[in-house]
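Bear in mind that the values in this text are calculations on the coordinates, not laboratory data. Predicted, not measured: the structure shown is a model, and the values here were computed from it. FYI the Cβ positions are ideal-geometry reconstructions off the backbone, even for glycines, and counts take in every protein chain you see.
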Amino acid sequence: MSKIRFFNGEQIPLEMHKVRIVQKLELLPVEKRLECMKAAGNNTFLLNNRDVFMDMLTDSGVNAMSDRQQAAMLVADDSYAGSETFVRLEEKIREIFGTEFFLPTHQGRACENILAQSFVTSGFIVPMNYHFTTTKAHIILNGGSVEEIIIDKGIEVNNDHPFKGNMDIDKLKSIIEEHGSEKIAFVRMEAGTNLIGGQPFSLENLEEVKEVCNKYGILLILDASLLADNLHFIKEREERCKSMSIREITLALSSLCDIIYFSARKLGFARGGGICTNNKELYMKMRELITLYEGFLTYGGMSVREMEALTVGLDETMDENVINQGPDFISFMTDELIKNGIPVVTPAGGLGCHIDAMQFVSHIPQEEYPAGALGAALYIASGVRGMERGTMSEQRDEDGNEVVSNMELLRLAMPRRVFTLSQVKYAIDRITWLHKNRHLIGGLKFVEEPKNLRFFFGRLEATSDWQEKLVEKFRQDFPDSL
């Protein structure tokens, strides 16, 4: 794809779409934002969306649909069994992934449940490049454990390695030899590793992983939820793939995997999810659980209208001019923050821009959740909602001790085709102001802490009156601005 360059030398991403439907936003005064943050227990998940100006919590299910997706939803066949809508989606899956069998689900974590129940039992181990919160929870719930074996550079905040999501092959071999292949439930590769900055893996690395799996007779499973970003980076950064089309790269990746699963809330700009395979035995093993937990085999808990939208969305995912918009906006935001001295994960990955809270608020100990505190502070300062990806997103060990994370990140997701460049520039401006006043930000402590996935519903309070002081400083600097 040719790059678009501006005559004045400015380097900004150019949207390859036009806006046809708009949704009104509200930007509350800073005093009201403080009230909302406290009412939400300092947990951005618990904010009401009507109180949010820019929702950068996630890209999951909030990507903008295209006109073709909206139109496709009108021709859905809502038959309970044997729906033509399902047939169209199944055929598109075969075309794009080259897989014979497809099981629909209502979303990605439903796939995780099916996979964990099918292949994980007590004492089993799942090596992976890096965990995702719900994936790990499902594996542990079924008696298994997770081994994270990403390359060492993957958890370095600033490192120019183009594929920080790669799996360490030597570590994979060591785990198999130590525990025995019979104890390995499967090897999981996550495209666009969510918790460490949306960092991709390379086609070459997946080939190496597959070679090890073949040697020991172990299943290789791909979480393709963030595949679109990973495809973009493979084409941009992997020399031998620069001449390949997105479809060719997708088929090359798919051919290496025994099972592919995805959340359509991320992949395909729709909702729902699915599991794909060419192995009939594996398909039959998982199939009975679909009807038990999700719905009949031709809808799997998914609305047929969403299935029609997904069919078109998967097709659009094969268009580089569609999938490059997210990474390009993220790269722009990352570069601008670096210019302003803001610590961020580099190189810019997919999913969103990731601020390094460990450096941003280095005075806050991890036990006081610096990424969570930064997320609360950013909402107060701007009305921008981000997501904590740090110690708060972990859970305590069996003895109740805090498990500190490798990174403390505030993720500012970039839903596809949603924000304008001026909105992104607004977020950059308020983050820059917050960085200048970072000494005012204090920690958080739990006052209501769920045992599992506490970051979703837990409630916290500030360890001091730092939030009031932050509002006071905001009003000094912005006396007549929201």
- Helix 421-436 axis, angle to the chain major axis (alpha carbon atoms, nearest 10°): 60
- Query: Each residue of region 267-279 in turn: what ³J(HN,Hα) in whole Hz from Karplus with 6.51, -1.76, 1.60 and θ = phi - 60°, glycine and Pro shown as x?
  - Reply: 7, x, 6, 9, 9, x, x, x, 10, 10, 7, 9, 9
- Item | log10 of Debye I(q)/I(0), alpha-carbon scatterers only, for region 192-284 at 0.11, 0.14, 0.17, 0.24 Å⁻¹ | -0.33, -0.53, -0.79, -1.37
- region 104-224, relative contact order in percent, only Cα pairs under 8 angstrom and at least six apart counted: 26
- Task: Measure nothing but the geometry: give the 0 to 90° angle between the long axis through the Cα atoms of 280-293 and the longest principal axis through the Cα atoms of the chain, rounded to 10°.
- Result: 50
- Query: How far, in degrees from 0 to 90, does helix 466-477 lean away from the longest principal axis of the Cα atoms of the chain, to the nearest 10?
  - Reply: 60
- Query: Can you list, bin by bin at 5 Å, the percent of alpha carbon pairs in region 358-482, starting at 0?
  - Reply: 2, 10, 20, 22, 18, 14, 9, 3, 1, 0, 0
- Leading residue at positive end of dipole, region 143-230 (Cβ point charges), from LEU226, ILE184, PRO162: ILE184
- Taking the Cα centre of region 93-186 as the origin, how large is its charge dipole in debye, to the nearest 20, when only Lys and Arg (+1) and Asp and Glu (-1) carry charge on their Cβ atoms? 280
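On full extension of the chain, what length is gained from GLU239 through VAL403, given 0.36 nm per residue of separation minus the C-alpha to C-alpha distance?
On the way: separation 164, 0.36 × 164 = 59.04 nm, distance 3.89 nm.
Extending this stretch completely gives an extra 55.1 nm.
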- Counting Lys and Arg as +1 and Asp and Glu as -1, what is the net charge of the other residues whose Cβ lies under 12 Å from the Cβ of PRO479? -1
- Query: Once you put a point 7 Å from the Cα of ASP78 and another 7 Å from the Cα of GLU211, both along the Cβ direction, what distance in nm separates them?
  - Reply: 5.3
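Exposed loop trypsin sites (Lys or Arg not before Pro) only (DSSP loop, at most 14 other Cβ atoms within 10 Å): please give the longest stretch of the chain free of them, not including the sites.
So the longest stretch without any such site is 25-241.
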- Which value in nm describes the separation of the simple spin-label points at GLU10 and LEU453, placed 7 Å from the Cα toward the beta carbon? 4.2
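Let me know the volume per residue of the alpha-carbon convex hull for region 258-415, in Å³. Show your work: numbers first, answer last.
Details: hull volume 28.1 nm³, N = 158.
With only Cα atoms used, region 258-415 gives 178 Å³ per residue.
Where nothing but the Cβ of Lys and Arg (+1) and of Asp and Glu (-1) is charged, how large is the charge dipole of the chain around its Cα centre, in debye to the nearest 20? Working shown, then result.
On the way: 53 positive and 70 negative charges, 206 e Å.
Using Cβ point charges on Lys, Arg, Asp and Glu, the chain gives about 980 debye.
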- Item | HIS17 paired with ASP335, simple spin-label distance in nm, labels 7 Å along Cα-to-beta-carbon | 2.2
- Count the DSSP beta bridges whose two residues both fall in the chain, then state the antiparallel fraction as a percent rounded to the nearest 5. 60
- Message: To check my understanding: the extent here is largest minus smallest coordinate of the Cα atoms along each principal axis. What are those three numbers for region 83-204, in Å, largest first?
- Response: 47, 37, 23
- Message: Restricting to DSSP loop positions (anything but H, G, I, E, B) with no more than 15 other Cβ atoms inside 10 Å of their own Cβ, which GluC sites (Glu not before Pro) remain in region 14-110?
- Response: GLU15, GLU26, GLU100
- Query: What's the Cα-based Rg to Rh of the chain, Rh via Kirkwood?
  - Reply: 0.96
- Message: Please list, in order along region 181-189, the HN-Hα scalar couplings obtained from phi with the Karplus expression 6.51 cos²θ - 1.76 cosθ + 1.60 (θ = phi - 60°), rounded to whole Hz, x for Gly and Pro.
- Response: 4, 5, 9, 8, 5, 5, 9, 10, 10
- Query: Using r as the Cβ-Cβ distance of HIS179 and ASN49, and R0 as 51 Å, what FRET efficiency do you calculate, to the nearest 0.05?
  - Reply: 0.70
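Per DSSP H run of at least 4 residues, take -39500 (n - 2.57); add these up for the chain, divide by its residues and hand me the 222 nm value, nearest 500 deg cm²/dmol. Numbers along the way, then the final one.
Details: 18 runs with 192 residues, N = 482.
That calculation yields -12000 deg cm²/dmol at 222 nm.
Would you mind computing Rg(Cα) / (2.2 N^0.38 Å) for region 3-145, counting N as its residues? Mind dumping the intermediate values first?
On the way: Rg = 21.8 Å, N = 143, 2.2 N^0.38 = 14.5 Å.
Cα-based Rg divided by the globular estimate yields 1.50.
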- Query: Expressed as a whole number of Å, what is the distance separating the alpha-carbon centroids of region 96-152 and region 353-428?
  - Reply: 25
